[in-house]
Structure formats: C-alpha cells, structure tokens
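Step one of this worksheet: look at the structure below.
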Amino acid sequence: MPSGLIQLLNNTGVSHEIAAKMIFYPIACLTLLFAISVVTSRNIFHSALYLALTLIGVACVYLYLDAEFLAIVQILIYVGAIVTLFIFTIMLTADISTVPFGGIMRRTLLSAIAAIGIFFILIKVVSKTTWQAAGAGAPSLGLPELGRSLMTKYVLPFEVISLISLAALVGAIVIGKARKK
Amino acid sequence: MIPQSHYLILSAALFSIGVFGILTRKNAIGILMSIELILNAANINLITFNRFSGKPADGLGQIFALFVIAIAAASAVVGLGLVIAIYRNRKTILVNKMDLMKW
C-alpha cells in the first residue's frame, strides 16, 4: 500500500486493513466494468478511452502489490503511448462506430459461453489451490535493486528486448510507409 | 492485506473479458485492444506471484512484467501498422471483410 495513503489514514483514525479493502474492491470492480465497456462499446473511440481507464485501474492494483515502478511504467507506456497510438489509428481509419457484435447473435452467445467457461475454470483452479502467502509481510523489491538487477543479472534479456523494440520500430515504419506509385 | 486469490480472480476476470472481446469484435483495432487486456491480466498474475512468493525482494516477477509491457508495446506498434496498411489497400478494418487469402 502506498505510504502517503497510510499517512492520510493515520490522521483519520480508520484501520489500515479496512481502509485498504474499502479502496481496493471499488477499484477492482471499476476496472472490470471499464474492461467490459472496452469490449462491448459500440463506438471504437469510446472503447479506446475505456481502455485507458482500465489500464489506470490496473496500475492502482500494481500499487497495492508494492510494484510502484511498474505502476508508473504502466501509466507512462500504456496510457501515455499505446492508447494514444490506438486513438491515432482510429482517427486514421474510417469505420469508427461499427456494431461490436456484428449482428450475429449466435457468435456472441458462443463467445460469451466460452469466456464464462474459461472464467469459471480459472476460478475453480484458484479456489482449489491452497496458497501459502510466504512473503506476505516481507519487504518488496525497491527501485534501486530493480535497476541494479536489470543491469547485472538480467542484462541479456534487457538487450534482447531493446533489439525487439528496434525491430518493431523499423517494421512498423516499413509496413506503414506509403508505397510510391 | 488482500488475499492472493482475490488478485488472481481479478486477473482471471480481466482475461475472460479479453477473450470475449477477441471472439466478438469485428474491428481489428478492437481485437488489438482485447489483446492488451489479456496481457494486463497476465501482468497482474506475475506481480501477484512475485509479491506473495517466498522472496518478493528477488523481483523476478516484476522484471518479467516489465518485459511483457515492452513486448506488448512492440506488438501494438506492429499490429496498428498492419491495420493502417490494410486500410490503405482495402479500405476496411473489419476482420470479416479481410478474406483475400481465405479459400
């Protein structure tokens, strides 16, 4: 949990435990509602805006998991860059408001059944397993350690990821470039 | 402290919503958005398991999630480039109209 929030709660006198839950569950429900809006919204532009809200909600969940750096990266890269890219692409292509389900009720129904089936299988797996929260109270990874291990222990994957980013950059330019007549 | 299983259920719900989106959306951009939802669900799982593992200070899950974000950005860039290229050539981004290479 963010330390600034804990400071705030110390002043109001509400127990940390209850306050953490009172904030977490509404955020989780809102995130899921926004995610449902992403996939069901009629207007694809609204979908992109709901996607930004969903990603911000996921960043809040990261804060609860003591991954502050990941939350910042999530907002910077996803909300700042990827959603902007989505909106640009939507603006460049014409079909903004198409019916999301395409008028085929049967396919929508089958998809809903498949998705709900997957959800219940996952719920079953999660609830059947006995999780032992070994590191629940242990201190989490700090930002200096994260940077240090990224530069020493995981330097090879880090370099590979930079190569992939470069390849994606060049590939996107080549694919998106207008062909000369 | 919120129990581990609640994070996992949140992630499972997000994943299922993404699967539903991929199966129902006709717009190629909508499908790419659903893929982003699924990648986020995977990231929540990774960070949850990192937090509740025996050694959260090891940070393997967080670093893995960082790499997933980088790959997601790369895939979104290439995917949206493809969408623009297809739109330029065929004037549509509806996946049921992109049937040139289907039998």
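A few comments on the model shown:
- Magnitude of the charge dipole, the protein assembly as shown, Cβ model with Lys/Arg +1 and Asp/Glu -1, debye to 20: 1360 debye
- Given +1 at the Cβ of Lys and Arg, -1 at the Cβ of Asp and Glu and no other charges, the dipole of the range B:4-90 around its Cα centre is 300 debye to the nearest 20.
- Angle between chain B longest axis and helix B:4-24 axis [Cα atoms, degrees, rounded to 10]: 0 degrees
- Built amide H within the under 5 Å cut-off of B:Ser53, gap 5+: A:Gly135
- Whole-number percent relative contact order across chain B, with pairs defined as alpha carbons under 8 Å at least 6 apart: 28 percent
- Residue by residue along A:116-127, Cβ atoms of other protein chains within 10 Å of the local Cβ number 4 on average.
- The range A:36-83 and the range B:20-50: distance between their alpha carbon centers, rounded to Å: 11 Å
- Residue-averaged beta-carbon neighbours from other chains (10 angstrom radius) around A:46-58: 3
- Gyration tensor over alpha-carbon atoms, the range A:141-181, equivalent ellipsoid semi-axes in Å: 35, 9, 5
- 10 Å binning of all Cα-Cα separations within the protein assembly as shown, expressed as whole percents from 0 upward: 6, 26, 32, 23, 10, 2, 0, 0
- Table column - 3J(HN,Hα) (Hz), the range B:76-91, Karplus curve with 6.51, -1.76, 1.60, x for Gly and Pro: 5, 4, 5, x, 5, x, 4, 4, 5, 5, 5, 5, 5, 7, 10, 6
- Leading residue at positive end of dipole, the protein assembly as shown (Cβ point charges), from A:Val58, B:Tyr7, A:Ala172: A:Ala172
- Our analysis of chain B gives Rg over Rh at 1.12, with the two radii drawn from alpha carbon positions and Rh computed by the Kirkwood formula.
- Relative contact order of the range B:1-61, taken over Cα pairs closer than 8 Å and 6 or more residues apart, is 36 percent.
- Using θ = phi - 60° and Karplus 6.51 cos²θ - 1.76 cosθ + 1.60, couplings along the range A:37-54 (whole Hz; Gly, Pro as x): 5, 4, 8, 10, 5, 6, 9, 5, 5, 4, 4, 5, 5, 5, 4, 4, 5, 4
The numbers here are math on the coordinates, done by the rules we state, and not lab data. Just so it is clear, the model here is predicted, and its values are computed rather than measured. Reconstructed Cβ throughout: ideal geometry from the backbone, glycine too, with neighbour counts over all protein chains shown.
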